[in-house]
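Enquirer: Provided herewith is a single structure, encoded as structure tokens, for subsequent inquiry.
The values are calculated or read from the model by the stated rules, or taken from the named source; none is laboratory data. Keep in mind that what you see is a predicted model, and the values were worked out from it rather than measured. Ideal geometry is used to build each Cβ from the backbone, glycine not excepted, and the neighbour counts take in all protein chains shown.
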Amino acid sequence: MTPSKKIAFSRRSFLKTSALAGGGILIGFNVLNACNPKAEMPIDISKLNFNDFNAFIKISDEGKITIFSPNPEIGQGVKTSMPMIIAEELDVAWKDVYVVQAPLDTKNYTRQVAGGSQSIRKGWEALRQTGATAKQLLVNAAAAKWGVDASECNVKEGIITNAKGDKLGYGDVVKEAALLEIPENVSLKDTKDFTIIGEQIGNVDIDKIITGKPLFGLDYKEEGMLYASVLRPPAFGQVLESFDDSGAKSVSGVSQVLKFGNKIAVLANSTWAAMKGKKALKANWKQESQAESTAFHDTKLLEILNGKTFDTRRKDGDVKEAFAKADKVLERIYESPFLPHNCMEPMNFFANVKDEKIHLVGPIQTPAGTAKRVARHLKREENEVFLEMTRMGGGFGRRLYGDFVLEAAEISSLSKKPVKVVFSREDDMTAGTYRPAIKYKIAASIKDGKLTGYHLKEAAVNNNMYGLIPNFFPAGAVENYQVDTTNYKSNITTGAWRAPYTNFLASAEQSFFDELAELMGVDRIKLHMDLLEQVKTNPNPKVEYSPDRLQNVIKLAVEKSNWGKSEKGVYQGFSVYYCHNTHVAEVADITMENGIPSVKKVTCIVDCGIVVNPLGATNQVKGGVIDGIGHTMYSDFSFNNGVPESNNFNSYQLIRMGQTPKVDVHFVESDIDPTGLGEPTLPPIGAAVANAIYKATGKRLTKQPYMSNLNVDKKVMG
Amino acid sequence: MPTFNLKINNETHTVEADMDTPLLWVLRDQLNFVGTKFGCGIGQCGACTIHIDGNAMRSCLLQVSQAEGMNITTIEGLSKDGDHPVQQAWKEVDVPQCGYCQAGQIMTASAFLKNNPNPNETEIRNAMHGNICRCAAYNSIEEAVKVAAKKIS
Ligand code: FES
Ligand code: FES
């Protein structure tokens, strides 16, 4: 168990208090950066200032706790788990805690959000400190009232007691607490004393979601707002030459058509009229840069993968020599397509650009950076931009990019109207920032029955793997190890997609290890356990993962999945991976139905440190696994002369309920600080499925999506 | 522009709209029933599911002119305080992730369970097949339908 920690943390720099005019104490805090020393704490709850603070805690005279946070939910449950951590250290009952998303403020523009929703991993320590500091402040106030030493006081669920048995509720001391100095060096709870963290706590927005309350960007409205539908170049590499808007203008409800850059916006009094107007536009496009097709990308990536120009990202020992001396060599190429994000809520954003202020509202994962880009784009001052976030109907990386915010701002600026840009599904799928197509070549050398060399090469569209990835497994486990990357710059826009790079890399490597074990004639599980054992005996400072934690999840996966003991007709595939600071092992159970593989069950073992909210965490783990199965098995995306060949769910397969397995989730019990959960269960699943399909069919799948490469009917299931 | 009288959640609303306007956009843009979501506009995702005379329908495919005279129910009118057994089951199981698809899922499930209060697993999977959840909360949706069925039957 981790002992209570005292961390040198200057609380003055990140926490401030004020006595509220209507009674109670208000605590403002800033978890990642120090507060602006000049930041003023409001004394009126309607004037919460989210420029200087991430969130506020209000403790009323009755001892009720309200947490005001401007950060809405993206689907990762942070809006629930963040207040859980604060409440834990504050030592209050969860039922007395209310979480309020500070309402959109369209009059005072006090909300100039400085940062997006921060992950639990980054916020963990600071959130605990915030709760613990607030608690100490209240205890100090009670102690002063009683004339006793604060160390003689105890707290349980918001009630402070002293040695004599006197009792004071938090609400009884808020007035005094607001006047006290903020305490330094407070103690955090021992993890074994947690009463809220680790409990199954439901989504704080649940009532609004199940009754259809306006929460999302698409639901946001303002008086006089127009809807904008934007016509963008139909193919990558094209520019607008000329257009005829007479048809669009005759659609009833359409008020204006305007050109900006290479795009044309149709403004109307309803979404439908704007969309109809857009369809009635006639535009001529000119191909300015290369019109690329999927066949071209395939050839190009293979060419550079087999070429000689690479950046070496990590080099241990001498792979060349290992391969020269090898008894056996295994070399495979793995291929993945581009993928759109397809957030369920299509991209949209509201903008009202006025001379005094720029007001932006909608779903975005990068509010601060986007606000800056808008200011730069419109040649305005940053402090004139006020951006408010709504709940997001999915992110998956797409909402890191503010392209649609810039569009809304530019259209509002040109039309001088409040405008909401709404993407149709077709717009959303064809104007993406796609996961880039990537090909890996992996080679391994075997000498005297031992793995002696491992050489990974990456050929990607536009950008390569980020810096830490070369230090993931099997780095440190193989003496001669090298990672090389190369890329092809395309005019197709690409970007981060849930678990960037590892979402396919894990599939490739964990499929490769399955085949490698077979070639070496060793058990698949044993090969991994032995390699990890070597990392433990020869520790390498440059590895990101923990060999112990990986071995542990492997052991648990074997046990919980009944590995090797499945019934007849059920084929199992194994995969293990570390990314986003989390260790995961997975076993997929599949059956074959009329020659088509069907994933029946997935056993998923996750070591993400302390599980803050098991209910939300389980949801995310299951979502990651099923999302991963969908995209590795079914989703295909191609280009023909720069034009995306799918644009809606009738031509693009997203996984549906009938295709989903039951996911059996087990968390490793741990008292280590929590790590990421939104992403790490997705990468390993592709290989678990491919390895199971190999057992069932004898076919090694190296190209995704698997269903397109299994000679089965490729029809999109609607 | 023609006018239409729509009976939504037991109240009559009069709207002006082009004949071919999908009911979805009339509900969302004109009448502020934004609980009904837009996901694809072509009947493939189920985010826009509403009840027409008690049956689940895709409001993106239904033109406003066809909806006159019918009993339209949206998620806002499914129950008074969110206490429909399906809504309660969704809460108990804590189904939503991003939550965007869930109104459509709930509308599909509630219409289905009304006709088949005791479904088996295959029937549930078939009934829910038309509703995409991009967050892939499928295990929880399936479980919540079962929980709701228990509450109903
Ligand atoms: S929006 Fe109607 S089915 Fe997708
Ligand atoms: S909960 Fe996000 S799409 Fe279903």
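Enquirer: Only one of these is more than 30 Å from B:ASP83 (Cα to Cα), surrounded by fewer than 21 Cβ atoms within 10 Å (Cβ to Cβ) and within 14 Å of another protein chain (Cβ to nearest Cβ): A:ASN262, A:ASN269. Name it.
Expert: It is A:ASN269.
Enquirer: Something else now. Does segment A:369-391 include one or more residues that are under 13 Å from A:VAL230 (Cβ atoms) and in a helix (DSSP H, G or I)?
Expert: Within segment A:369-391, none of the residues are under 13 Å from A:VAL230 (Cβ atoms) and in a helix (DSSP H, G or I).
Enquirer: Give segment B:124-144 a look and list any residue that's within 13 Å of ligand 1 (Cβ to nearest atom) and without any contact (Cβ under 8 Å) to a residue 60 or more places away in the chain, or say none.
Expert: B:HIS129, B:CYS133, B:ARG134
Enquirer: Looking at this structure, is A:VAL716 within 14 Å of chain B (Cβ to nearest Cβ) and either over 18 Å from the mean Cα position of the chain (by Cα) or crowded, with 22+ Cβ neighbours inside 10 Å (or both)?
Expert: Yes; evaluated as a whole, the condition is true for this residue.
Enquirer: Could you look through segment B:27-85, keep only residues that are on the phi > 0 side of the Ramachandran plot and in contact with a helix residue (DSSP H, G or I) (Cβ under 8 Å, 6 or more places away or on another chain), and pick out the one that is farthest from ligand 1 (Cβ to nearest atom)?
Expert: B:GLY82
Enquirer: I've got another one for you. Looking only at residues that are exposed (fewer than 15 other Cβ atoms within 10 Å of the Cβ) and over 39 Å from the mean Cα position of the chain (by Cα) in segment A:155-166, which one is farthest from A:ILE197 (Cα to Cα)?
Expert: A:LYS164
Enquirer: Somewhere in segment A:388-395, is a residue farther than 21 Å from A:SER490 by Cβ, under 28 Å from the mean Cα position of the chain (by Cα), of a type in the set (Val, Ile, Thr) and surrounded by fewer than 24 Cβ atoms within 10 Å (Cβ to Cβ)?
Expert: No, the conditions are met nowhere in segment A:388-395.
Enquirer: How about segment A:337-360: which of its residues are within 14 Å of chain B (Cβ to nearest Cβ) and of a type outside the set (Phe, Trp, Tyr)?
Expert: Those that are within 14 Å of chain B (Cβ to nearest Cβ) and of a type outside the set (Phe, Trp, Tyr): A:LEU339, A:PRO340, A:HIS341, A:ASN342, A:CYS343, A:MET344, A:GLU345, A:PRO346, A:MET347, A:ASN348.
Enquirer: Being aliphatic (A, V, I, L, M) and either in contact with an Asp or Glu (Cβ under 6 Å, 6 or more places away or on another chain) or without any contact (Cβ under 8 Å) to a residue 40 or more places away in the chain (or both) narrows it down to one of A:ALA688, A:ALA617, A:ALA696, A:ALA692, so name that one.
Expert: A:ALA688
Enquirer: Right, another one. Being surrounded by fewer than 24 Cβ atoms within 10 Å (Cβ to Cβ) and among the hydrophobic types (A, V, I, L, M, F, W, C) is the filter here; which residues of segment A:581-595 pass it?
Expert: Hit for segment A:581-595 is A:MET592, nothing else.
Enquirer: Further, regarding this structure: For segment B:69-125, how many residues meet the condition of being surrounded by fewer than 24 Cβ atoms within 10 Å (Cβ to Cβ) and at the interface with another protein chain (Cβ under 7 Å from one of its Cβ atoms)?
Expert: The total comes to 5.
Enquirer: Which residues, counting only those in segment B:25-46, are more than 8 Å from chain A (Cβ to nearest Cβ) and under 14 Å from the mean Cα position of the chain (by Cα)?
Expert: Answer for segment B:25-46, where residues must be more than 8 Å from chain A (Cβ to nearest Cβ) and under 14 Å from the mean Cα position of the chain (by Cα): B:LEU27, B:GLY43, B:GLY46.
Enquirer: While we're here: Taking the condition touching a residue at least 40 places away in the same chain (Cβ under 8 Å), touching a strand residue (DSSP E or B) at 6+ places or on another chain (Cβ under 7 Å), more than 14 Å from chain B (Cβ to nearest Cβ) and within 20 Å of A:GLY24 (Cα to Cα), does A:VAL155 pass?
Expert: no
Enquirer: Within segment A:410-423, can one find any residue that is surrounded by 24 or more Cβ atoms within 10 Å (Cβ to Cβ), under 21 Å from the mean Cα position of the chain (by Cα) and not assigned by TED's automatic domain parsing to the domain that holds A:LEU505?
Expert: Within segment A:410-423, not a single residue is surrounded by 24 or more Cβ atoms within 10 Å (Cβ to Cβ), under 21 Å from the mean Cα position of the chain (by Cα) and not assigned by TED's automatic domain parsing to the domain that holds A:LEU505.
Enquirer: Identify, by number, the condition in (1) within 10 Å of another protein chain (Cβ to nearest Cβ); (2) assigned to a loop (DSSP other than H, G, I, E, B) that A:ILE626 doesn't meet.
Expert: Here A:ILE626 meets the rest and fails (2).
Enquirer: Right, something else. Looking at the structure I just gave you, is A:GLU181 buried (at least 17 other Cβ atoms within 10 Å of the Cβ), modelled with pLDDT under 95 and more than 30 Å from A:GLN365 (Cβ to Cβ)?
Expert: Spelling it out, it is not the case that A:GLU181 is buried (at least 17 other Cβ atoms within 10 Å of the Cβ), modelled with pLDDT under 95 and more than 30 Å from A:GLN365 (Cβ to Cβ).
Enquirer: Here's something else I'd like to know. Quick check, is B:ALA149 away from ligand 1 (no atom under 16 Å from the Cβ), within 27 Å of A:GLU345 (Cα to Cα) and among the aliphatic types (A, V, I, L, M)?
Expert: no
Enquirer: Mind listing whichever residues of segment A:482-505 are touching a Ser or Thr at 6+ places or on another chain (Cβ under 7 Å) and buried (at least 22 other Cβ atoms within 10 Å of the Cβ)?
Expert: Within segment A:482-505, A:GLN482, A:PHE504 qualify.
Enquirer: Do we have any residue at all in segment A:662-677 that's crowded, with 24+ Cβ neighbours inside 10 Å and at pLDDT 95 or above?
Expert: Yes, that holds for at least one residue.
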